[in-house]
Amino acid sequence: SQTIHQWPATLVQPVGSPLSLECTVEGTSNPNLYWYRQAAGRGLQLLFYSVGIGQISSEVPQNLSASRPQDRQFILSSKKLLLSDSGFYLCAWSQSRVYEQYFGPGTRLTVT
Amino acid sequence: SQKIEQNSEALNIQEGKTATLTCNYTNYSPAYLQWYRQDPGRGPVFLLLIRENEKEKRKERLKVTFDTTLKQSLFHITASQPADSATYLCARGGSQGNLIFGKGTKLSVKP
């Protein structure tokens, strides 16, 4: 069966510090991978998606970046965090663009 | 713009009743819609997918309908239980295989 992992589960970082969130998927190959952010009181916002190694597409301009160094690994990064980067970050995978998505447990990021 | 909207932020019902949640879309004709459940502090969990040529889909106590004339999907939970309390999200497919989510409806089932 497939599983998706995210870490860390929670993170408190000062403004201006770097960020690295990791997501890995097990039990499938060549998945579509996604990073979403859910701010308090707001819906899920797609940040990045990837259909293969090294292939990253961004939905919104921001100070975040993503990388996919391996088939089942997806990393979200920032060089300098802003207060507005606080939120609940979710990684998801799907087998195909028309199939359901499976979400990880999420990372709660608080920028202070 | 192409919108997907869940107009009710919250819905409170009594245990045993049927909960009905609404998802509307505008300026767009989605090929499919998906419904997810999200519990506090956790990622969404996929429940059902319904395609535009399917009028209704069922899974245990869950039922989803897709009305292309009304541009609406309804999500029903029959014989609701307190354990059904959660936020339910409607989603449509984006142009790149991503999902575009509504803001969700928070369902509270009272015993």
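Read-outs: derived from the displayed coordinates by stated rules, not from any lab. Nothing here was measured: the structure is a model prediction, and the numbers come from that model. As a convention, Cβ positions derive from the backbone with ideal geometry for all residues, glycine included, and neighbour counts pool all protein chains shown.
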Under 5 Å from the placed amide H of B:Gly94, counting only residues 5+ away or on other chains, we find B:Leu99, B:Ile100
Checked the protein assembly as shown with the C-alpha gyration tensor, a ≥ b ≥ c its square-rooted eigenvalues, rounded below a/c of 1.5, otherwise prolate if a/b is larger than b/c and oblate if not; verdict prolate
Residue-ordered couplings for region B:19-31, obtained by feeding phi - 60° into the Karplus form 6.51 cos²θ - 1.76 cosθ + 1.60 and rounding to whole Hz (Gly and Pro as x), are 8, 10, 10, 10, 10, 10, 10, 9, 6, 6, 10, x, 6
Scoring chain B by relative contact order with C-alpha pairs under 8 Å, at least six apart, yields a percentage of 36 percent
By Cβ neighbour count within 10 Å, fewest first, A:Asp71, B:Asp67 rank B:Asp67, A:Asp71
Once phi for every residue in region B:54-64 is put through the Karplus expression 6.51 cos²θ - 1.76 cosθ + 1.60 (θ = phi - 60°), the whole-Hz ³J(HN,Hα) values, with Gly and Pro written as x, are 10, 7, 8, 9, 10, 8, 6, 8, 9, 9, 10
Counting only residues 5 or more apart in sequence or on a different chain, those whose built amide H sits under 5 Å from that of B:Leu48 are B:Trp35
Per residue of A:99-106, other chain Cβ atoms within 10 Å number on average 6
So for region B:46-105, using the alpha carbon gyration tensor with a ≥ b ≥ c as root eigenvalues (a/c under 1.5 gives rounded; past that, a/b versus b/c decides prolate or oblate), I'd call it oblate
